[in-house]
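Heads up: the structure comes next, in structure tokens.
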Amino acid sequence: MSHTAVNPLDDEHADPFAIAAQAAEQLRDATGVEHHDIALTLGSGWAKAADLIGETTHTIAATDIAGFSKPALEGHVGTLRSILLPSGKRALVIGARTHYYENHGVRRVVHSVRTAAAAGASVMILTNGAGGIKDHWVPGTPVLISDHLNLTANSPLEGATFIDLTDLYAQRLRDLAHTVAPELDEGVYVQFRGPHYETPAEVQMAKAMGGHIVGMSTALEAIAARQAGMEVLGLSLITNLAAGISPEPLSHAEVIDAGKAAEPVISALLARIVAQL
Ligand code: HPA
């Protein structure tokens with residue numbers, strides 16, 4: 001690894017919420033924006049939405065903000081953007097996701113969500129690129145996340161912190177998304193650890209357990225968002241049929257290409273949803 005700057009979240013005695021508060025303060029200093037209303041994490045395929053939802057007034061390198069890491073993946077832009085929405089509300093767009101498979105610990109995975117909450121956001125929109133289990137989902141299909149199966153065997157919550165997840169992917173926000181795009185299908189997102197794709201047997205396991213979408217992000221972030229009292233909206237772009245659902249082998253390049261091809265359409269969709277918030 002070329003970047004060796006110390007991340008304060010790597011100190012196990014540090015308070016992750018204090019570091020998120022510090023990050024939010026640095027955002028206020030850098031932007032002059034006191035309060036962000038909503039936050040969006042833009043995963044593969046979704047990045048263009050940032051240009052469509054409003055006017056970007058500030059772009060900050062994520063690595064200038066406490067606790068953020070360099071993105072591990074090409075196609076993931078390492079910036080935080082403050083966007084003025086037509087409604088006058090403020091959106092914080094997080095283009096810097098730390099994945100669980102990077103092995104930096106769950107605190108770093110959910111730091112952007114905690115920072116968004118500390119910046120004032122009450123709605124967290126989590127997007128990703130993922131594999132589809134329903135075989136009528138062609139690559140390029142956007143899907144609402146209705147619930148999740150967290151197969152990481154981990155949690156962002158530490159100690160005896162019991163958080164209700166009954167309505168984690170808020171019905172209110174899903175209803176609102178459906179007013180904009182009635183055709184949006186829904187599915188249960190299954191977070192695997194990755195970074196390998198699933199085996200066909202694992203995809204069948206996920207299906208038998210009630211899953212419809214397989215990916216390597218989002219569930220841990222959603223839990224942290226709920227802990228912070230935010231409402232969560234989750235959207236997956238189906239970039240490929242999950243392993244074994246289609247006879248084709250999976251390739252990261254094809255996943256990226258499917259994301260690029262679908263980007264204009266799903267970004268416009270997301271912009272229309274944000275306009276309703
Ligand atoms: N599995 C897990 N993660 C993914 C996939 C998949 O099939 N496609 C894109 N991200």
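The values are calculated or read from the model by the stated rules, or taken from the named source; none is laboratory data. Quick caveat, the model's predicted, so the values are computed rather than measured. All Cβ positions, glycine included, derive from the backbone under ideal geometry; neighbour counts span all protein chains shown. Accessible surface is based on the protein model in full, side chains and every heavy atom, while ligands, DNA and RNA are left aside. Shrake-Rupley method; radii C 1.70, N 1.55, O 1.52, S 1.80 Å.
Failed condition for residue 77, given (1) at pLDDT below 90; (2) in contact with a Ser or Thr (Cβ under 9 Å, 6 or more places away or on another chain); (3) open to solvent by 30 Å² or more (accessible area, probe 1.4 Å), with all others met? Residue 77 satisfies all of (1) at pLDDT below 90; (2) in contact with a Ser or Thr (Cβ under 9 Å, 6 or more places away or on another chain); (3) open to solvent by 30 Å² or more (accessible area, probe 1.4 Å) except (2). Taken together, 18, 24, 39, 47 contain a single residue that is at pLDDT 95 or above and open to solvent by 10 Å² or more (accessible area, probe 1.4 Å), which is 18.
Consider residue 205 carefully, then state whether it is within 16 Å of the ligand (Cβ to nearest atom) and open to solvent by 60 Å² or more (accessible area, probe 1.4 Å). The answer is yes for residue 205.
Within the range 118-144, residues that are of a type in the set (Phe, Trp, Tyr) have Cβ atoms under 8 Å from residues that are open to solvent by less than 10 Å² (accessible area, probe 1.4 Å) and within 13 Å of the ligand (Cβ to nearest atom) in these pairs: 137/143; 137/238, counting only partners at least 6 apart in sequence or on another chain. The test for being touching a Ser or Thr at 6+ places or on another chain (Cβ under 6 Å) and either closer than 30 Å to residue 13 by Cβ or at pLDDT 95 or above (or both) holds for residue 213.
The requirement of being in contact with a Leu (Cβ under 9 Å, 6 or more places away or on another chain) and small (Gly, Ala, Ser) is fulfilled somewhere in the range 165-174, by at least one residue. Within the range 1-57, the residues that satisfy the criterion of being β-branched (Val, Ile, Thr) and either within 16 Å of residue 113 (Cβ to Cβ) or outside any helix (DSSP H, G or I) (or both) are 4, 6, 19, 33, 38, 41, 56, 57.
Only one of the listed residues (275, 262, 225) is more than 13 Å from the ligand (Cβ to nearest atom) and in contact with a strand residue (DSSP E or B) (Cβ under 8 Å, 6 or more places away or on another chain). That residue is 225.
At least 2 residues being within 16 Å of the ligand (Cβ to nearest atom) and either open to solvent by less than 20 Å² (accessible area, probe 1.4 Å) or among the charged types (D, E, K, R) (or both) is the threshold, and among the strands (runs of 3 or more DSSP E) wholly inside the range 84-170 those reaching it are 123-132, 141-150. Is it the case that residue 179 is within 17 Å of residue 215 (Cβ to Cβ) and outside any loop (DSSP other than H, G, I, E, B)? Criteria not met by residue 179. Every condition in (1) under 19 Å from residue 147 (Cβ atoms); (2) within 12 Å of the ligand (Cβ to nearest atom) holds for residue 184 except the one numbered (2).
Residues are listed down the side, and each one gets a yes or a no for (1) within 13 Å of the ligand (Cβ to nearest atom); (2) open to solvent by 10 Å² or more (accessible area, probe 1.4 Å):
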{"site": "234", "(1), (2)": "no, no"}
{"site": "238", "(1), (2)": "yes, no"}
{"site": "266", "(1), (2)": "no, no"}
{"site": "271", "(1), (2)": "no, yes"}
